[in-house]
1. Note the angle between two axes, namely the Cα long axis of helix B:7-19 and the longest principal axis of the Cα atoms of chain B, as a number of degrees from 0 to 90, rounded to the nearest 10.
2. Going through the stretch A:1-55, which trypsin sites (Lys or Arg not before Pro) have at most 10 other Cβ atoms within 10 Å and a DSSP loop state?
3. Order of A:Leu105, A:Leu48, A:Leu76 from fewest to most other C-beta atoms within 10 Å?
4. Treating the beta-carbon of each Lys and Arg as +1 and of each Asp and Glu as -1, no other charges, what is the dipole magnitude of the protein assembly as shown about its Cα centre, to the nearest 20 debye?
5. Express the relative contact order of chain B as a whole percentage, based on alpha carbon pairs under 8 Å and six or more residues apart in sequence.
6. Comparing A:Pro23, A:Pro82, A:Pro73, which has the greatest mean-square fluctuation in the GNM of chain A with Cα pairs linked when under 10 Å apart?
7. Once the piece of chain linking B:Gln9 and B:Glu45 is laid out straight, how much longer is it, given 0.36 nm per residue of separation minus the C-alpha distance between them?
8. Roughly how many debye, to the nearest 20, is the charge dipole of chain B about its Cα centre, given +1 on each Lys and Arg Cβ, -1 on each Asp and Glu Cβ, and no other charges?
2 protein chains.
Amino acid sequence: MGRALSPEQLGHIAERFKALSEPSRLEILQALRQGERSVTEILSETGLGQANASRHLQVLFGAGLVERRKEGPSTLYRLADPDVLKLCELMCGRLEREAAARKKLFA
Amino acid sequence: MGRALSPEQLGHIAERFKALSEPSRLEILQALRQGERSVTEILSETGLGQANASRHLQVLFGAGLVERRKEGPSTLYRLADPDVLKLCELMCGRLEREAAARKKLFA
DNA sequence: TGACGATATTACGATATACTCATAAACAAG
DNA sequence: CTTGTTTATGAGTATATCGTAATATCGTCA
């Protein structure tokens, strides 16, 4: 199960987590839960600036968290696989449990 | 299942992922897989500097990824729960699948 | 109390990251 | 070919983070 990870592997894993470590990028991933979206659609759904969103999308793509295809002049992005959301949900679950624990303290 | 997450929640989730986005901190978590460890033990297992490791441990603690208790003059750190490793393993699995896919391309 | 070991914190220089503005590149339509 | 639309990229600035050295804090023991 839990074999040791090499420093190089840890570097790669850290890189992927870093791609998930910005609210704007998580917001983009949330928008992509509904399905494939063009950059323009992502802009209107997230309120991000064009240049900014484009860079974030490059980061997500570089981290293998999203895939993309060109359709005419526009680029359509989609989640790379279901595990991307699973990661977010796992982390979200941790938060909820912490919140519940805090609540219990003051009950 | 997949309810929408508020911007505030996304910020908190991003914060947690950021704590996982540095190789040194992942290395610390790996060391803690074996069980509770003092800071000094972590230093020798990871090779990190004292001040550096202490700061990383504060980050991990602030993110709720590790817990700690004081025993005499030393502080003992441990993983907060098994989901911490589950997150790392999920991400690691993604990497392996990508590597396998790349390999297939050149086969 | 005084000295020592273990952690935490402060200060600082170096690097990296986000965001914005402006511009470039790719494509479609006329 | 020219214009308009869509996306990507370069440059600049502001902010954040890492790693380290020095110092402070806390607990233990003589």
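Nothing in this text is a laboratory measurement; each read-out follows from the coordinates by a stated rule. Values in this document were obtained by computation on a predicted structure and should not be read as measured data. A quick note on method: Cβ atoms are made from the backbone with ideal geometry, for glycine too, and the neighbour counts reach across all protein chains shown.
1. With rounding to tens, the tilt is 70 degrees.
2. Answer by residue number: A:Arg3.
3. If I rank by nearby Cβ atoms, fewest first, I get A:Leu105, A:Leu76, A:Leu48.
4. That gives a dipole near 140 debye.
5. 23 percent
6. A:Pro73
7. Length gained, B:Gln9 through B:Glu45: 9.5 nm.
8. With Lys and Arg at +1 and Asp and Glu at -1, about 320 debye.
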